[in-house]
1. List, in order, the whole-Hz ³J(HN,Hα) value for each residue of region 306-321 obtained from phi through the Karplus relation with A = 6.51, B = -1.76, C = 1.60 and θ = phi - 60°; use x for Gly and Pro.
2. Reachable aspartates and glutamates from residue 101, Cα under 19 Å, same-chain residues fewer than 8 places away excluded?
3. Give me the distance in nm between label points sitting 7 Å out from Cα along the Cα-to-Cβ direction at residue 307 and residue 159, one decimal.
4. Out of residues 5 or more away from residue 87 or on other chains, whose amide H comes under 5 Å of its own, with H placed 1.01 Å from N in the peptide plane?
5. Go through 107-119, 328-340 and give me the packing order, highest mean Cβ count within 10 Å leading.
6. Please list, ordered by chain and number, the residues whose modelled amide H lies under 5 Å from the amide H of residue 193; skip anything fewer than 5 residues away on the same chain.
7. Would you mind getting the Kirkwood hydrodynamic radius of region 50-117 from its Cα pairs, rounded to one decimal in Å?
8. In whole Å, how far is the Cα centre of region 314-339 from that of region 187-224?
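Just so it is clear, none of the values below were taken in a lab; they were calculated from the coordinates. Remember, it's a predicted structure, so these values are computed and weren't measured experimentally. Cβ coordinates were reconstructed from backbone atoms using ideal geometry, including for glycine residues, and neighbour counts include every protein chain displayed.
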Amino acid sequence: MQANNRAAFHSSLLPTLPNATRRPPLPHLFHLHIAKMAGRSLMMDGPSWLGTHKCSWSADLSFYGHERELVGRIGSRAGSMAPCFVSYEASYRDIGPAYVKAIGRGPTVIVLLRSAMSWVVSAAEHFQRPNEGCDPYPCHRNDGLEDLVASGCFWQPGQPAANAALANGAAKCTSSGRGNYPFPMFAVGRLASFKAVSPESSMAHVERVVAEVRQLVENSLVGLTEAYTASLCLFRHQLGLPVATYAACSSLCSAGSSSRRLRVRRLQQLAQPGGSASAPQPPLPRHVGNQAVDAARQLNISNTLSAESLKIVEQAMLMYTRIYAHGTDVFLQRVTEAEDRAQVRLLC
């Protein structure tokens with residue numbers, strides 16, 4: 001079935017982007033937790049880095065699996081309690097209206113993006129764990145990326161005719177029973193809605209969804225897992241918090257770290273179709289972020305997949321790849337502006 005046509009976000013539903021030129025009261029912060037994109041790291045680091053605290057009314061909900069309950073609590077409690085930090089695997093289409101109802105505006109949303117091919121490898125590996133100690137997830141849901149490609153997991157957004165020939169509904173490809181991620185649109189599902197795009201969706205519909213998600217990214221605090229610490233420092237600046245005097249930020253551009261900005265651009269280039277088969281480049285140093293292995297995963301994926309399967313995966317992830325590329329542009333532009341205003345180097 002064709003996914004329902006969805007209009008772009010009305011201005012009243014958009015996240016609230018803070019004004020970095022002054023120190024306002026800290027807003028309601030919602031981390032749009034996308035699995036395998038440094039979500040748990042930011043869930044733990046966010047409150048202390050951003051000068052706030054976790055919302056007490058969400059503490060017993062873990063960070064996934066109770067989205068409807070979370071939406072209800074936002075609607076009933078967020079408006080009567082001090083602004084706080086929530087990290088949850090929820091879609092903005094669901095939580096945005098709840099905040100508007102409770103506080104009269106959208107929350108300040110934090111989004112971390114990760115290079116598509118690196119995310120694919122990590123997501124596949126997540127369900128290749130041993131058959132013990134995997135609770136609450138089913139164990140060993142796939143036998144690697146070639147297995148997932150053969151099972152039809154990497155359908156092509158906007159190509160309904162081609163998708164009709166794929167194995168459809170295989171257990172390896174669905175999220176039912178907490179199985180694998182819906183690979184082509186998992187991140188898009190968090191940023192918009194999991195019903196936003198289906199294998200039957202037209203290219204015109206895909207284009208509308210991409211435009212909607214780009215709008216959400218532009219109105220959010222957007223960072224990259226490949227530049228995790230620099231992203232947190234940027235968020236501090238955008239929230240009006242000190243950066244130059246914050247030790248973890250002021251020391252980012254120490255001796256020997258002169259190529260980080262170019263490396264972020266290199267990852268953006270690698271994310272384009274065909275980029276993963278490029279000649280290997282040195283991986284990102286660890287101080288760029290806590291996901292330094294991403295670069296190596298992305299650069300070596302051509303050794304994991306056949307050329308035909310690699311092309312299928314790249315095409316399947318192209319919808320998200322475009323969003324990641326746009327997010328990277330927004331991130332780098334904001335880093336440049338923050339460096340000028342705060343007189344500190346975040347990327348060298």
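1. So the Karplus estimates, Gly and Pro as x, are 5, 4, 5, 5, 4, 5, 4, 5, 4, 5, 5, 8, 4, 4, 6, 4 Hz.
2. 67, 69
3. 1.7
4. Result for residue 87 returns 31.
5. 107-119, 328-340
6. Sorted by chain and number, the residues that satisfy this come to none at all.
7. Details: mean 1/r = 0.0792 Å⁻¹.
After inverting the pairwise mean of 1/r, the radius is 12.6 Å.
8. Here the answer is 13 Å between Cα centres.
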